[in-house]
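A quick write-up on the structure given underneath.
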Amino acid sequence: MTVIKELKEYYNIDVSELRELPGDVDYQNIKYEVIAKDGEKFILKIFPGKDELELAKEETRICNTIAPMLSFRVPVTIPSKNNRFFFKSSAGEAKLLRYIDGEFIMNVEQTPGLLYRLGEKAGELTCSLTGINSNTIKSRRLFWDIQNAGFSYNKIDLISENPTRSQVHYFLDRFREFVEPELHLLRHSIIHGDLNDHNILVKNGRVEGFIDFGDSTFSPVVCELAVACAYMMMNKSFPLEEVLPLVRGYCNTFPLERKEAELLPELIAARLCISLCNSAEKKHSGRESNYVLISEKPAKALIDKLITLNPEKMRDSFLGAAGFEKGSRERKREWIFSVRQANTGSSLRLNYEIPVYMTGAAFQYMYDEKGNTLLDTCNNIPHVGHCHPVVSEAISGQLRLLNTNTRYLYDTMAEYIEKLLGYFPRGLDRVFMVNSGSAATDLAARMANAWRGREHMAVLEHGYHGNTLTAISLSSYKFDGKGGRGKPGNIIKLPLPKLFRGRLASGEEYAEEARDILEEEKEKGNIPAALFAEPVSGCGGQVPVAPGYFKSLHPYLKENDILTVIDEVQTGFGRPGGYFWGFEKHGIVPDIVILGKPMGNGFPVAAVVTTGEVAGAFDTGMEFFSSFGGSTLSCRVAGAVLEVLDKENLQENARKAGGFLKEEFMKLQKIHPVIADVRGEGLFLGVELEDEEAKPATKLASYLVNGLRMENILAASDGPYDNVLKIKPPMCFSVDNSVHFAGVIDRLLSVYPGG
Ligand code: PMP
């Protein structure tokens, strides 16, 4: 082979073996391991094209300059016989490097001691590189360079799996928001730029050297450490805790500035995002190789873990490791509390005796000020996940473009309405947009009034439909509850058709009873305008309306021109898993549907969907206008929610994860007789607790909710006796989350002292 001859000619080396080494498809150079007859090893790098040559020469200059200053090895280029670093091989310009013996750090146990030493060496490398100037390196723009994480945005959609895609989007957004504006404030230098676990060699528990300076850039210095951290956090049970020795070691030789330490978590996450976007792009374009995809799996697992780490805890941990004081929110907490006490009403309630101070959230996790991450099992407003990046982008993007009201024409309302109606059966084809479930209830009541001019309304016992005067009058949960003034005169209350501990055995029997009550009222001249009902009574304790109830009552309502108003505020948008709306299970098409909560993922948008006939009757001459309802912005946001639901297949996730969770609870029911009933579908479940005498176990529910909080799980209870665990998490709640949640409940029930 000519290369062998050339090595003899230029270096006087007798080659016994030549082995090609793997490389990234983005680079053209070819690498060989060379073994000489006397056993000495070298690395031969050949550059077939001119593109990488200038950089390779600069890399050679830099490594050969810093090598003598370092206590570890970097790839030093050996001059040839004629004292040149490059020679013209038949395959292109080539150079010969000294071989650095050792094992890749990925193949050895990464003990805290080793990581500390790695940090020290990385810091030493930084010290040596800060003294180097290179215009060639300065002019590079690499997507791998963390400061260019923004370059990866256009690859996000190439990531085919979720939750990875939305997690990457989320962290890239954080980078844009928290890191980009600070980049110019950070110390810059030439950095190696790729201290990944394939570029770090270890021998006898010591760091022997760093190889491959091919990704050197002129970047914020802290990026050097961030890359090393990103790779050393992979495949670890406790990535944050386990990587801290690396940071300590680095700071021992190159102390970080406070801002640098603070930004480390975001930089680490950004590097993982870059890597995952790169793998996705390679797969998409069919250029995947083992080398490129090697870190994809652990990077995915790590980013999934990073979501479960409170960003403030991460920041504080890195600050601590870098020798800085951590922040405290204790005084802020006291101030928030005192403002609430002094300047709002005491009717505004907080959960828990010691309330949770939330400082952030992502998907199914919430972060408190103490650094805890709380798994959210009970907030259904952030339907597609807290702070979902697609929704956040819709909000900020639209706000910058246009936000106006329904008195003008704009794209987003028509687009949204068309999209939304695609989820409804024929007939339900009129949409009125408002800003809250309560406003939607109010509007539905007005429509019902306008329908036949009737003032009476029928409602289900324990129902809740909102906080306005009208909505309260329709909500037995409120008018019959604490502080309530009892049933208003125009309200006809029908028993909640419940099967568990129910008075009647079937939906049909409850429907018959309802007909009797309505008939009695009719005789008094009180025919209601509408029946307001939830398909599953949330405040009633997650009680599904008994099957057959609506179906057998519906003909009677139709005969009497009584509208069926179904409140899907809690149950809609795919939460039941098997279907998109709660009413679908009952085989009826309501006249009016009320939507809210999940519709905007926390952005205030709600709606009334009805028929052309009802909408027509509502046009009494009076204009319907809502300042914010149906605004350009709210329609865009609601559209983003539907887009995410669809793209992330969240209805199916509700079916799968919810079904799994229900089964877990049913298994627990066999071990813990206090679990009297497990009910619901998808990610809308209820777990009813009773004592040995089949009495509501209110105290136990409170014990569980508080105990779960101690275990960093947010949970809630409800029902007339407050003895039902209400399970309605963000729709991205996973099977793993379900295992964890059920496991903690099992443990808490096992040690329940009773009483
Ligand atoms: N209907 C139902 C079933 C609800 O659960 C709620 C809110 N909890 C509402 C209506 C009222 O919605 P909002 O709080 O957005 O006014």
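Below, the figures for the structure above:
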item: Pair list, Cβ < 8 Å and 6+ apart or interchain, from segment 87-99 residues that are free of Cβ contacts under 8 Å to residues at least 24 places away in the same chain and over 15 Å from VAL15 (Cα atoms) to residues that are basic (Lys, Arg) and open to solvent by 20 Å² or more (accessible area, probe 1.4 Å); result: none
item: Subset of segment 544-558 (residues that are in contact (Cβ under 8 Å) with a residue 40 or more places away in the chain and either more than 38 Å from the chain's Cα centre (by Cα) or over 14 Å from PRO576 (Cβ atoms) (or both)); result: ALA546, GLY548, TYR549, PHE550, LYS551, SER552, LEU553, TYR556
item: SER396 being of a type outside the set (Asp, Glu), open to solvent by less than 50 Å² (accessible area, probe 1.4 Å), within 16 Å of the ligand (Cβ to nearest atom) and part of a helix (DSSP H, G or I); result: no
item: Positions within segment 461-483 being among the hydroxyl-bearing types (Ser, Thr, Tyr), out of contact with any Ser or Thr (no Cβ under 8 Å at 6 or more places or on another chain) and assigned to a loop (DSSP other than H, G, I, E, B), in sequence order; result: SER475
item: Qualifying residue in segment 619-641 (condition: open to solvent by less than 50 Å² (accessible area, probe 1.4 Å), touching a residue at least 60 places away in the same chain (Cβ under 8 Å) and closer than 30 Å to HIS554 by Cα); result: no
item: Qualifying position, being aromatic (Phe, Trp, Tyr), in a loop (DSSP other than H, G, I, E, B) and more than 11 Å from the ligand (Cβ to nearest atom), among PHE583, PHE625; result: PHE625
item: Residue within segment 542-554 that is within 16 Å of the ligand (Cβ to nearest atom), in contact with a Leu (Cβ under 7 Å, 6 or more places away or on another chain) and assigned to a loop (DSSP other than H, G, I, E, B) present; result: yes
item: Test: residue in segment 109-129 that is open to solvent by 60 Å² or more (accessible area, probe 1.4 Å), at pLDDT below 95 and farther than 23 Å from GLY397 by Cα; result: no
item: When residues of segment 588-621 are limited to those that are among the polar types (S, T, N, Q) and not in a loop (DSSP other than H, G, I, E, B), the one farthest from the ligand (Cβ to nearest atom); result: THR611
item: Residue among ASN351, ASN343 that alone is open to solvent by 60 Å² or more (accessible area, probe 1.4 Å), of a type in the set (S, T, N, Q) and more than 16 Å from the ligand (Cβ to nearest atom); result: ASN343
item: Single condition LEU496 does not satisfy, out of (1) away from the ligand (no atom under 16 Å from the Cβ); (2) over 20 Å from ASP442 (Cα atoms); (3) open to solvent by less than 80 Å² (accessible area, probe 1.4 Å); result: (1)
item: Test set (1) touching a helix residue (DSSP H, G or I) at 6+ places or on another chain (Cβ under 9 Å); (2) surrounded by 18 or more Cβ atoms within 10 Å (Cβ to Cβ) - LYS726 fails condition number; result: (1)
item: All positions within segment 96-113 that are assigned to a loop (DSSP other than H, G, I, E, B) and closer than 20 Å to LYS31 by Cα; result: TYR99, ILE100, ASP101, GLY102
item: Residues (more than 16 Å from the ligand (Cβ to nearest atom) and not in a loop (DSSP other than H, G, I, E, B)) located in segment 414-434; result: ALA414, GLU415, TYR416, ILE417, GLU418, LYS419, LEU420, LEU421, LEU428, ASP429, ARG430, VAL431
item: Checking VAL292 against (1) open to solvent by less than 10 Å² (accessible area, probe 1.4 Å); (2) in contact with a Lys or Arg (Cβ under 6 Å, 6 or more places away or on another chain); (3) modelled with pLDDT under 95, the condition it does not meet; result: (1)
item: Number of the condition not met by GLU20 [criteria: (1) outside any loop (DSSP other than H, G, I, E, B); (2) surrounded by 12 or more Cβ atoms within 10 Å (Cβ to Cβ)]; result: (2)
item: Residues within segment 435-481 that are open to solvent by less than 20 Å² (accessible area, probe 1.4 Å), of a type in the set (A, V, I, L, M, F, W, C) and either more than 9 Å from the ligand (Cβ to nearest atom) or over 29 Å from SER634 (Cα atoms) (or both), tallied; result: 11
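A quick yes/no check of all residues on (1) closer than 23 Å to ASN310 by Cβ; (2) open to solvent by less than 10 Å² (accessible area, probe 1.4 Å); (3) not charged (D, E, K, R):
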{"position": "ILE191", "(1), (2), (3)": "no, yes, yes"}
{"position": "ASN196", "(1), (2), (3)": "no, no, yes"}
{"position": "ASP215", "(1), (2), (3)": "no, no, no"}
{"position": "ALA226", "(1), (2), (3)": "yes, yes, yes"}
{"position": "LEU240", "(1), (2), (3)": "yes, yes, yes"}
{"position": "LEU244", "(1), (2), (3)": "yes, no, yes"}
{"position": "LYS282", "(1), (2), (3)": "no, yes, no"}
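The values are calculated or read from the model by the stated rules, or taken from the named source; none is laboratory data. These numbers come from a predicted model, not from an experiment. Here Cβ is always computed from backbone atoms with ideal geometry, including for glycine, and neighbour counts include all displayed protein chains. Each accessible area value is taken on the protein alone, full model and side chains, heavy atoms only, with ligands, DNA and RNA left out. Shrake-Rupley method; radii C 1.70, N 1.55, O 1.52, S 1.80 Å.
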